[in-house]
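Shown next, in structure tokens, is the structure this report addresses.
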Amino acid sequence: MARRIPKSITDKKEKTSVKDSFKALKTIPRFFREIFKSSPKLFLLNIISRLINAFTPVVILWVGKMIIDEIILQVSLEDKDFSQLWNLVLVEFSVVVLSDLLGRLINLTDGLLGDLYSNDSSEKIIRKTAELTIAQLEDPEFYDKLERARTQTNSRVELMSNALGQAESVISIFSLIAGLVYFEPILILILILSIIPSFINEAKFSSTRYSLARSWTAERRELDYLRYIGANNQTAKEVKLFGLTDFIAERFKNLSNEYYHLNKNLSLKQSLYGSLFNILGILSYYGAYVYIILRVLTGAISIGELTFLSGSFNRLRNNLQGFFSRFTRISESALYLQDYFDFLDLKIERTSEAKTPIPETITQGFQINDLHFAYPGSKTEVLKGVTFTMKAGEKMAFVGQNGAGKTTLIKLFLRFYEPTQGEILLDGININKFDVDDYRKRFGVIFQDFFKYEFTLRENIAVGNISEIDNDETIGYAASKSLAEQVVSEMEDGLEQRLGRRFYQGQELSGGQWQKVALARAYMKDADIMVLDEPTSALDAQAEYDVFERFIALTKGKTSIIISHRFSTVRMADRILVLQNGQVLELGTHQDLMANPKLYSELFKLQAAGYQ
């Protein structure tokens, strides 16, 4: 069954008014500062070219007027001299060629500046995202903000061209107005009356278009997601096996059609009103044209002045329409620009107090006191008063059924989230007192849902300590520890083999091979604390046993946390913490827990029976 889709943008909470569009224009100066920083030379070249090119329309019209007047004059004379005429033609030709060259130079620099700014803004979004907390990134509303900032790059580049073109247009408009005022000031009044209604119409619909786009951010994300899972090699097997094509296609069709009808209704209204106002503009133009002809017939102005005035009026009208049309596009784009700057300006909570230096050597270990935690937006606690100690150099396994809170506890250790109550101490110091980056550097971590980077094999291993990407010795040592050296030896290009199928000559790995590569990341730095969260689920029982036996031997003296559902490997830990419903149920060695007939003993015997 297709899910219910909002019937109109009025069902959405967010609406944008014309006033909001004008308010968003305050971001334009900051926008230009960023463009200037992208390339000062290109920016100045673009501005100078536009300034010169802005005067060419009125110059061409004025020279054209002089040519016609000169022709009429020479026709009326018996002793003709065409030298002045040909000089004027040469001047007009030169100005037209200059205008064309300047226009091409403007287009070139627009494109180059747009590319540079697009690259710079995308880099800023990547770096800003890295500063945000996991809680922020997992919040759907917040993710919508990120999506709007991330996906409006083309709008920002278009805004740059429109805004620079607007400055050029202003100069052209004033030069043409000066010519009209000099001959027939009344034409300016007629022109204004023809343009203003169209401008108001454009401004109104630009804010409405933005409201529609903004209110449908989440739905457009879902459309992108449906495109992804419906046409992707990673999902193809399940889509074919479970016959999901019709389900995905219908869901996409229903959602996309709903957005299409909303957008169509808006476009139809805009086109209808736009046509009516444009007819008003055409009537005004021909009214002015008739007025100019009458002035010629009465002898008030010359034929040359007729061509100048009619040409100036027509060009000025087109320039003004373009100006107001660009203005509405600029105000609409400025709303998207506001989203981008709002994202960059998001406050990152940082305390101003001096951070406590993290101990060079961990001597005591961790103390977890009455730890409670509920995910943002949820009232259900995942952890409920967890208390235990983990000694320095100790290997501790976290065990429990799915949803018991094991991975959540790891996230709190890594400071991805802050506890809602309680504290975690390292050598007697609350971990919040340490600089978060310095603190995380002490960890070597591999998660169950590790990311498969479709980079080279070298890069995939080196992400565990990216500063050592060119250190073959460190990468080779990490690969040997994790048994990933077998994977390297099987690749035609060794460490330089690109992984995955997304790019040319990429090599896909099996689940077990990917996990060995991911494990190598944890060995890339000489971390004090090692965390393995279900890192070997894709390995067979023997391979997992070998990996953990190797891990125990290689991490002697290091504090380690292991999460696994295979008890044959869990039993290698010094102590085992058993979680149930977010609380500590048991804690002890394998022998202690087997002697106590509770959850651990029960689960161990159930798993052991499966191998008999």
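Looking at F398, is it surrounded by 15 or more Cβ atoms within 10 Å (Cβ to Cβ) and either assigned to a strand (DSSP E or B) or touching a Leu at 6+ places or on another chain (Cβ under 6 Å) (or both)? Give the steps one after another, and end with the answer.
Details: surrounded by 15 or more Cβ atoms within 10 Å (Cβ to Cβ): yes; either assigned to a strand (DSSP E or B) or touching a Leu at 6+ places or on another chain (Cβ under 6 Å) (or both): yes.
Against the criterion (surrounded by 15 or more Cβ atoms within 10 Å (Cβ to Cβ) and either assigned to a strand (DSSP E or B) or touching a Leu at 6+ places or on another chain (Cβ under 6 Å) (or both)), F398 qualifies.
Can you tell me which residue is nearest to N430 (Cα to Cα) among those in the range 368-385 that are out of contact with any Gly (no Cβ under 7 Å at 6 or more places or on another chain) and crowded, with 18+ Cβ neighbours inside 10 Å?
Step one: list which residues in the range 368-385 are out of contact with any Gly (no Cβ under 7 Å at 6 or more places or on another chain), which gives 368, 373-380, 385.
Those left that are additionally crowded, with 18+ Cβ neighbours inside 10 Å: 368, 373-374.
Values: I368: 10, F373: 16, A374: 20 Å.
Top of the filtered list is I368.
State all residues of the range 33-84 that are buried (at least 19 other Cβ atoms within 10 Å of the Cβ) and of a type in the set (S, T, N, Q); if no residue qualifies, say none.
S38, N46, S49, N53
Condition test on K253, is it surrounded by fewer than 12 Cβ atoms within 10 Å (Cβ to Cβ), within 36 Å of the chain's Cα centre (by Cα), assigned to a helix (DSSP H, G or I) and of a type in the set (K, R)? Steps first, please.
Numbers: surrounded by fewer than 12 Cβ atoms within 10 Å (Cβ to Cβ): no; within 36 Å of the chain's Cα centre (by Cα): yes; assigned to a helix (DSSP H, G or I): yes; of a type in the set (K, R): yes.
Answer is no for this residue.
Tell me, please, whether a residue that is in the same structural domain as L223 (by TED's automatic domain parsing), more than 12 Å from the chain's Cα centre (by Cα), part of a helix (DSSP H, G or I) and more than 30 Å from T420 (Cα to Cα) can be found in the range 123-132.
no
Inside the range 418-448, can you point out the residues that are of a type in the set (D, E) and over 18 Å from T133 (Cα atoms)?
Going through the range 418-448, the residues of a type in the set (D, E) turn out to be 418, 423, 427, 435, 437-438.
Passing the criteria: E423, D427.
Out of (1) under 17 Å from the mean Cα position of the chain (by Cα); (2) in contact (Cβ under 8 Å) with a residue 12 or more places away in the chain, what's the single condition that is false for L316?
For L316, the exception is condition (1).
Working carefully through the options V58, V89, V75, V63, find the one that is part of a helix (DSSP H, G or I), closer than 30 Å to E158 by Cβ and more than 41 Å from the chain's Cα centre (by Cα). Walk me through how you get there before you give the answer.
Working: V89 fails: closer than 30 Å to E158 by Cβ; V75 fails: closer than 30 Å to E158 by Cβ; V63 fails: closer than 30 Å to E158 by Cβ.
Going through V58, V89, V75, V63 in turn, the sole match is V58.
If a residue has to be modelled with pLDDT of 85 or more, within 19 Å of D345 (Cα to Cα) and basic (K, R) to count, how many in the range 1-59 make the cut?
3
I need the full set of residues from the range 425-465 which are within 27 Å of the chain's Cα centre (by Cα), of a type in the set (G, A, S) and under 17 Å from I410 (Cβ atoms), in order please.
G464, the sole residue that qualifies.
Please verify whether the range 95-103 includes one or more residues that are small (G, A, S) and either in a loop (DSSP other than H, G, I, E, B) or under 24 Å from I177 (Cα atoms) (or both).
Within the range 95-103 (the criterion being small (G, A, S) and either in a loop (DSSP other than H, G, I, E, B) or under 24 Å from I177 (Cα atoms) (or both)), the answer is yes, since at least one residue qualifies.
Tell me which residues, restricted to the range 433-474, are outside any loop (DSSP other than H, G, I, E, B) and over 27 Å from I358 (Cα atoms).
Result: T456, L457, R458, E459, N460, D472, E473.
Scan the range 327-350 for residues that are modelled with pLDDT of 75 or more and in contact with a helix residue (DSSP H, G or I) (Cβ under 6 Å, 6 or more places away or on another chain) and jot them down.
Result: I330, A334, L337, Q338, D339, Y340, F341, F343, L344.
What's the number of the only condition in (1) modelled with pLDDT under 75; (2) under 23 Å from S172 (Cβ atoms); (3) not charged (D, E, K, R) that T307 fails to meet?
The number of the failed condition is (1).
Name every residue in the range 560-574 that is over 21 Å from K411 (Cβ atoms) and in contact with an Asp or Glu (Cβ under 9 Å, 6 or more places away or on another chain), in order of residue number. Lay out the reasoning, then the answer.
If we filter the range 560-574 for residues that are over 21 Å from K411 (Cβ atoms), which is where we start, we get 566-569, 571-572, 574.
Hits for the range 560-574 are R566, S568, T569, M572, D574.
In the list V95, V157, which residue meets the criterion of being modelled with pLDDT under 75, over 30 Å from R415 (Cα atoms), of a type in the set (V, I, T) and out of contact with any strand residue (DSSP E or B) (no Cβ under 7 Å at 6 or more places or on another chain)? Write out each step before concluding.
Working: V95 fails: modelled with pLDDT under 75.
Of the residues listed, the single one that is modelled with pLDDT under 75, over 30 Å from R415 (Cα atoms), of a type in the set (V, I, T) and out of contact with any strand residue (DSSP E or B) (no Cβ under 7 Å at 6 or more places or on another chain) is V157.
Answer yes or no as to whether Y504 is without any contact (Cβ under 8 Å) to a residue 24 or more places away in the chain, aromatic (F, W, Y) and not in a strand (DSSP E or B).
On the way: without any contact (Cβ under 8 Å) to a residue 24 or more places away in the chain: yes; aromatic (F, W, Y): yes; not in a strand (DSSP E or B): yes.
The answer is yes for Y504.
Within the range 581-610, count every residue that is surrounded by fewer than 17 Cβ atoms within 10 Å (Cβ to Cβ) and in contact (Cβ under 8 Å) with a residue 12 or more places away in the chain.
Total satisfying the criteria: 8.
Mind checking whether some residue in the range 362-376 is assigned to a strand (DSSP E or B), over 38 Å from the mean Cα position of the chain (by Cα) and either at pLDDT below 90 or among the polar types (S, T, N, Q) (or both)?
yes
Can you find a residue that is at pLDDT 85 or above, closer than 30 Å to I106 by Cβ and in the same structural domain as S118 (by TED's automatic domain parsing) anywhere in the range 68-75?
Start the filter on the range 68-75 by keeping residues that are at pLDDT 85 or above, which leaves none.
Looking for residues that are at pLDDT 85 or above, closer than 30 Å to I106 by Cβ and in the same structural domain as S118 (by TED's automatic domain parsing), one finds none in the range 68-75, hence no.
Every residue in the range 463-494 that is in contact with a Leu (Cβ under 9 Å, 6 or more places away or on another chain) and buried (at least 18 other Cβ atoms within 10 Å of the Cβ), please.
Answer for the range 463-494, where residues must be in contact with a Leu (Cβ under 9 Å, 6 or more places away or on another chain) and buried (at least 18 other Cβ atoms within 10 Å of the Cβ): I475, A478, A479, K481, S482, L483, A484, V487, V488.
Which condition does D493 not pass, out of (1) over 24 Å from I563 (Cβ atoms); (2) within 31 Å of the chain's Cα centre (by Cα), if it passes all the others?
(2)
Taking N430 as meeting all but one of (1) surrounded by fewer than 16 Cβ atoms within 10 Å (Cβ to Cβ); (2) in contact with a Ser or Thr (Cβ under 9 Å, 6 or more places away or on another chain); (3) in contact (Cβ under 8 Å) with a residue 60 or more places away in the chain, write down the number of the exception.
(3)
The values are calculated or read from the model by the stated rules, or taken from the named source; none is laboratory data. All values reported here derive from a predicted model rather than from experimental measurement. No Cβ is skipped: glycine too gets one built from the backbone with ideal geometry, and neighbour counts run over all protein chains shown.
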